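The values are calculated or read from the model by the stated rules, or taken from the named source; none is laboratory data. Please read all numbers here as calculations on a predicted model, not as lab measurements. All Cβ positions, even for glycine, are placed from backbone atoms using ideal geometry, and neighbour counts span all protein chains on display. Just so you know, the surface numbers come from the protein's heavy atoms only, side chains and all, with ligands and any DNA or RNA stripped out. Shrake-Rupley method; radii C 1.70, N 1.55, O 1.52, S 1.80 Å.
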Amino acid sequence: MTEGTGHVIDPAGDARRAVQEAVSAHGPGVLSDATAMENLCRTQLTALPGECILIVSAARADVPALLRDKIPELGNYGAIQSVATTLAGAHDLDNAASLWVVREFGRALGLIAPGGTQSTPRPAPGEAGGGAPGGPGAPAGSGGGTGVPDVLRHGPGMAGGPAGVAGAGGPAPRGSSRSKLLTRNTIGVAAAIALVAGYLGVAAAAHLSPFPAETVAAASSQSPGTGPSTNPATSPATSPAGSPDGSPDASPTSDYDVLLSKIPQAIRSQSDCPNAGTQFGAIAVSQCNRLNLAAGTIQYYLYPSSAALTSGINQLLSSAHFRKQRECTSGSDFTDFLVECQSDFNNKTPFMTGTIAEYISKDNAPLIVTSDRQQNVMAVLVGTNAGDLLAYWKQLEWIKD
């Protein structure tokens, strides 16, 4: 199955097999145990953080119980459609992504045919009305796959901050502006992602669920002209938003391209800055790794509005269990890296306003979570030396003017 942006969910069927094996080993009740599903994701599905968010969300909602309630009235397939709609609305998930996870739960419970791992672009006609397994009304076979924040092994959510929990369900087709993304309001995404963030790992250094691990980046590919997927994509930074060779920039054609256009060339020339899905309510996420800078990894999040940006920052910090202890400034200047601090800042040249939060990840990596309100961008900077990381942030070279 594909999400709204056209990206394939669980392309190799790894998530499907893991869920089925869990039921075989522990019984159907495991699908209603969110902690068990988090452990499964942490041990077996670190390369599929998006699918993990869907799986854990379904367990928290007790999808098996919802299916049992609906089957007498609607039949197996009708119940799957109905519960998928309920889950999507309750957790702000993309409908296709929600349908995928409910199908997989139903499949693991023996409600529908086992199926293969070949993905299909959309549910089979007549599915909502129900039908015999494998018949005209049966759902097309789906793989399972998506991607928050694991440099993010899990991502700081992505690198050092939010751990590799990238977003879960997929967005609706990209034709409409600002279409609902997989985990639009957190996976938002704090609500759903905050719940899952701790188990995947954000940027290897930050331990936040939104960051896909560098090794996860190859898990899926991005179709030309599509927006961010739930899986970290490996598409290079040579998108319409501009190319490292210095050729003229074209008008961005997707939210991901728009985000790339805001990342300085000095950073993009060192990293592909692949698509990292959608987490913490962002409409596009990109993770730049192995940078020869004080910030070795920078995760960028693009938001549709300043309100969404503020919400995304709060969600990410919540998923990292951040607790503000003090302001980050001494007087009016950021002179030292202070653990568990958060402050607003107002820079005159270049003009920029935003927020900065400083803390140390569980892996003892210094992290700065910051924002540019003028461009509705949040960035998670992960380094190894706290003083150097703060000095780099103060240069404001992590974002284009």
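With Thr370, Thr384, Thr335, Thr353 as the choices, which residue is open to solvent by less than 10 Å² (accessible area, probe 1.4 Å), more than 16 Å from Gln279 (Cβ to Cβ) and either modelled with pLDDT of 95 or more or of a type in the set (S, T, N, Q) (or both)?
Criteria check complete, one pass: Thr370.
Taking Val8 and the conditions (1) within 16 Å of the chain's Cα centre (by Cα); (2) closer than 18 Å to Gln279 by Cβ; (3) open to solvent by 10 Å² or more (accessible area, probe 1.4 Å), which numbered condition does it fall short on, given that it satisfies the others?
Checking Val8 against (1) within 16 Å of the chain's Cα centre (by Cα); (2) closer than 18 Å to Gln279 by Cβ; (3) open to solvent by 10 Å² or more (accessible area, probe 1.4 Å), the one that fails is (2).
From the list Glu358, Glu340, exactly one residue is acidic (Asp, Glu) and at positive phi. Which is it?
Values: Glu358 fails: at positive phi.
Unique residue meeting the criteria: Glu340.
Residue by residue through the range 302-322, note down the ones that are part of a loop (DSSP other than H, G, I, E, B) and touching a strand residue (DSSP E or B) at 6+ places or on another chain (Cβ under 9 Å).
Tyr303, Ala320, Phe322
Does the range 323-334 contain at least one residue that is part of a strand (DSSP E or B) and among the basic types (Lys, Arg)?
The initial filter retains those residues of the range 323-334 that are part of a strand (DSSP E or B), namely 326, 330, 333.
If we keep only those that are among the basic types (Lys, Arg) as well, we get 326.
Yes; the residues of the range 323-334 include at least one that is part of a strand (DSSP E or B) and among the basic types (Lys, Arg).
Those residues that are under 23 Å from Arg17 (Cα atoms) and in a helix (DSSP H, G or I), I need them from the range 89-101; list them, please.
Those that are under 23 Å from Arg17 (Cα atoms) and in a helix (DSSP H, G or I): Asn95, Ala96, Ala97, Ser98, Leu99, Trp100, Val101.
Table: residues versus (1) open to solvent by 10 Å² or more (accessible area, probe 1.4 Å); (2) of a type in the set (Lys, Arg).
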| site | (1), (2) |
| --- | --- |
| Ile55 | no, no |
| Ala59 | no, no |
| Ala65 | yes, no |
| Arg68 | yes, yes |
| Gly75 | yes, no |
| Ser82 | yes, no |
| Thr85 | yes, no |
| Asn95 | yes, no |
| Phe105 | no, no |
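Each row is one residue, and each column tells you yes or no for (1) open to solvent by 60 Å² or more (accessible area, probe 1.4 Å); (2) polar (S, T, N, Q); (3) more than 29 Å from Asp257 (Cβ to Cβ); (4) over 15 Å from the mean Cα position of the chain (by Cα).
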| position | (1), (2), (3), (4) |
| --- | --- |
| Leu291 | no, no, no, yes |
| Gly296 | no, no, no, yes |
| Tyr301 | no, no, no, no |
| Ala307 | yes, no, no, yes |
| Gly312 | no, no, no, no |
| His321 | yes, no, yes, yes |
| Gln342 | no, yes, yes, yes |
| Phe345 | no, no, no, yes |
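Hey, among the residues in the range 37-51 that are part of a helix (DSSP H, G or I) and in contact with a Gly (Cβ under 9 Å, 6 or more places away or on another chain), which one's surrounded by the most Cβ atoms within 10 Å (Cβ to Cβ)?
Restricting to residues being part of a helix (DSSP H, G or I) and in contact with a Gly (Cβ under 9 Å, 6 or more places away or on another chain), the top hit is Pro49.
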